[in-house]
Amino acid sequence: MQRTFTHKAVFSLLLTLMLVCSGCSASAQSPVYAVSTVSSSIGFQRFSRTDLNAFDTVITLIGFAQDQAAFDRAADRAFEKIQSLDHIFDGYNAYDGLHNLYYVNHHAAQEPVEIPEDLFSLLSWCKEQWAAGRRETNIGMGAVLSIWHEYRTAGMQHPEEAKLPPMDELIAASEHISFDDVVLDRSKQTVFFSDPDLKLDIGAVAKGYAADAVASVLYEEMPSFLLSLGGNVYAGNAPLDGRTNWAVGVQNPDITENGTKEILDVHDKTVVTSGDYWRYYTVDGQRYHHIIDPETLMPSRKMVSVTILCESSILADFLSTALFVLPYEEGRQVADSLEGVEVMWILPDGSVQATDGMKDYARSMKAPS
Ligand code: AMP
Ligand code: MG
């Protein structure tokens, strides 16, 4: 992954520092924080570890364990998995002998490339969504996204010269974004591009896949944990300090106001947010962010943030991007059709919409008991 620290990463870093330094007060303005301190009477203590070296973000693990050694054993396994996935999903760097995303994007049009199981699983999962007609999140859209990436990066480095990508360039690239041209062979675990100009960009789902994979390691290793990979959070069993839930904050997109828009009380759930304030550049006074509508080939302006709560982080990540691109009414229909998926939308006028089920988790929406 490119090692450029984004707003998302900086925000998460602040969060991490708050977690480490403040003992986690309820008023902390952060996407994830614990509300109270540890009860030692049950023999478990709270530990945490932070990593800055994967997925272009700040990764924080909070876990309950009987002692530091037990926590470290579990955390070592979790962070090894994160490192391994970071390399496999890296679209910018090659690693000796590893057929990672970078390798695939450079070789899969010449011949089928045998890939690691995790990359194959991620691609197969996305292929199923494509086949089912969910195409607003299209990880085969790398040809278009890389143009935006190039202009955004240049515009961030030299804001006075920031430009929009020419529409004819985007349209030409959009001829090469059909996921039908990503040919997967389960028996050989290979991927082949039948369109030589197709490129994959898995940024919309990679952290979600990783959060699920690491959560399954942690479920085996720790009685309770909270994992944060930037905007992707996985909350395991309830914290062992007397509380029944983890508190997960949803950031207020309006940075002039309080940092937390909503607090979700959850356990055994993932919470994923896509927002227009994470990664953007400015051209002629207007912000252009990183979530591109495949229909218009432009950053979608229908939402400022979409938060998904469910049990599968890859699904949450996929949907947070898809529902960011869809108008509210259409996104609401998608959400209502999916069991166990709750959604909170923040619209450009600042208004908030939520599925009925979301109101059971969101502190400000709960019916008074
Ligand atoms: P997320 O923050 O999960 O919404 O993912 C955003 C990232 O996904 C961007 O940085 C792009 O790499 C990629 N992306 C942007 N728009 C799309 C889209 N419509 N479909 C698939 N990937 C996208
Ligand atoms: Mg996503």
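The values are calculated or read from the model by the stated rules, or taken from the named source; none is laboratory data. Values in this document were obtained by computation on a predicted structure and should not be read as measured data. Note: ideal-geometry Cβ built from the backbone for every residue, glycine included; neighbour counts use all protein chains shown. Ligands, DNA and RNA are stripped out before the accessible areas are found, and what is left, the full protein with its side chains, is counted by its heavy atoms. Shrake-Rupley method; radii C 1.70, N 1.55, O 1.52, S 1.80 Å.
Couplings 3J(HN,Hα) for the range 128-145, derived from phi with the Karplus relation 6.51 cos²θ - 1.76 cosθ + 1.60 (θ = phi - 60°), are 4, 5, 4, 5, 7, x, 8, 10, 5, 9, 10, 6, x, 8, x, 4, 6, 5 Hz, where x marks Gly and Pro. Note that the range 278-286 has calculated 3J(HN,Hα) couplings of 6, 9, 7, 9, 10, 10, 6, x, 10 Hz, one per residue in order, obtained from phi through the Karplus relation 6.51 cos²θ - 1.76 cosθ + 1.60 (θ = phi - 60°); glycine and proline are x.
Per residue, how much accessible area does the range 329-369 have with a 1.4 Å probe, in Å²? Spell out each step's value before the answer.
Values: 2470 Å² over 41 residues.
Ligands and nucleic acids excluded, the figure is 60 Å² per residue.
I292 sits among other residues whose Cβ lies under 11 Å from its own Cβ, and their net charge, with Lys and Arg +1 and Asp and Glu -1, is -3. For the chain, a Kirkwood hydrodynamic radius built from all Cα pairs, placed in the Stokes-Einstein relation at 20 °C and 1.002 mPa s, yields a translational diffusion coefficient of 101 µm²/s. Other residues lying with their Cβ under 15 Å from the Cβ of R49 contribute a combined charge of -2, Lys and Arg counting +1, Asp and Glu -1. Working ranking of peptides 50-61, 350-361 by packing, defined as the average number of other Cβ atoms within 10 Å per residue, highest first, is 50-61, 350-361. The H on the amide N of G249, modeled in the peptide plane, is under 5 Å from the matching H of V32, Y33, L264, each at least 5 residues off or on a different chain. Summarising the amide proton neighbourhood of V283: residues at separation of 5 or more, or on other chains, whose placed amide H is nearer than 5 Å comprise Y288. Here the translational diffusion coefficient of the range 167-268 follows from Stokes-Einstein with Rh set to the Kirkwood radius across Cα pairs; for 4 °C and 1.567 mPa s it amounts to 74 µm²/s. Computed over the chain with a Gaussian network model linking Cα atoms closer than 10 Å, the most mobile of R152, R332, R186 is R186. I need the calculated FRET efficiency for the pair R301 and K359, taking r as the beta carbon distance and R₀ as 30 Å, to the nearest 0.05. That pair, R301 with K359, gives E of 0.70.
Leaving out ligands, DNA and RNA, and with a 1.4 Å probe, what % of the accessible surface on the chain is carbon or sulfur? It would help to have the intermediate numbers written out before the result.
Working: 8050 of 15860 Å².
Percent of accessible area from carbon and sulfur atoms in the chain: 51.
Annotation: amide H of I291 within the under-5 Å range of S300, sequence separation 5 or more or interchain, hydrogens built in the peptide plane. Seen from L198, the other residues with C-beta closer than 14 Å to its C-beta sum to a net charge of -4, counting Lys and Arg as +1 and Asp and Glu as -1.
If a/c stays under 1.5 just call it rounded; otherwise compare a/b with b/c (prolate if a/b is bigger, oblate if not). Do that for the range 49-131, with a ≥ b ≥ c from the square roots of the Cα gyration tensor eigenvalues. Mind dumping the intermediate values first?
Working: a/c = 2.76, a/b = 2.10, b/c = 1.32.
Here the range 49-131 falls in the prolate category.
Subtracting the Cα-Cα distance of T282 and E339 from 0.36 nm times their residue separation leaves 16.7 nm of extension gain.
The radius of gyration of the Cα set in the range 228-369, together with its Dmax, comes out at 15.2, 52 angstrom. Measuring from centroid to centroid over Cα atoms, what is the spacing of the range 301-369 and the range 125-162 in Å? Each part reduced to its Cα centre gives a spacing of 22 Å.
In Å², and per residue, what accessible area does the range 63-138 have when probed at 1.4 Å with the other protein chains present?
The answer is 46 Å² per residue.
Backbone phi angles across the range 69-85, fed through the Karplus curve with coefficients 6.51, -1.76 and 1.60 (θ = phi - 60°), yield HN-Hα couplings of 5, 5, 4, 4, 4, 5, 5, 4, 4, 4, 6, 4, 5, 4, 4, 4, 5 Hz in residue order; Gly and Pro are listed as x.
Answer rounded, prolate or oblate for the range 266-350, using the Cα gyration tensor with square roots of eigenvalues a ≥ b ≥ c: rounded when a/c is under 1.5, else prolate when a/b is larger than b/c, else oblate.
prolate
The range 85-191: Rg/Rh from Cα coordinates, Kirkwood Rh? Before the final figure, lay out the partial values.
On the way: Rg = 15.5 Å, Rh = 15.3 Å.
With Rh from the inverse mean 1/r over Cα pairs, Rg/Rh is 1.02.
The modelled label-to-label distance between S351 and A69, using points 7 Å beyond Cα along the C-beta direction, is 5.9 nm. Packing, as the average of other Cβ atoms within 10 Å across residues, places the peptides 313-321, 294-302, 194-202, 246-254 in the order 313-321, 246-254, 194-202, 294-302, highest first.
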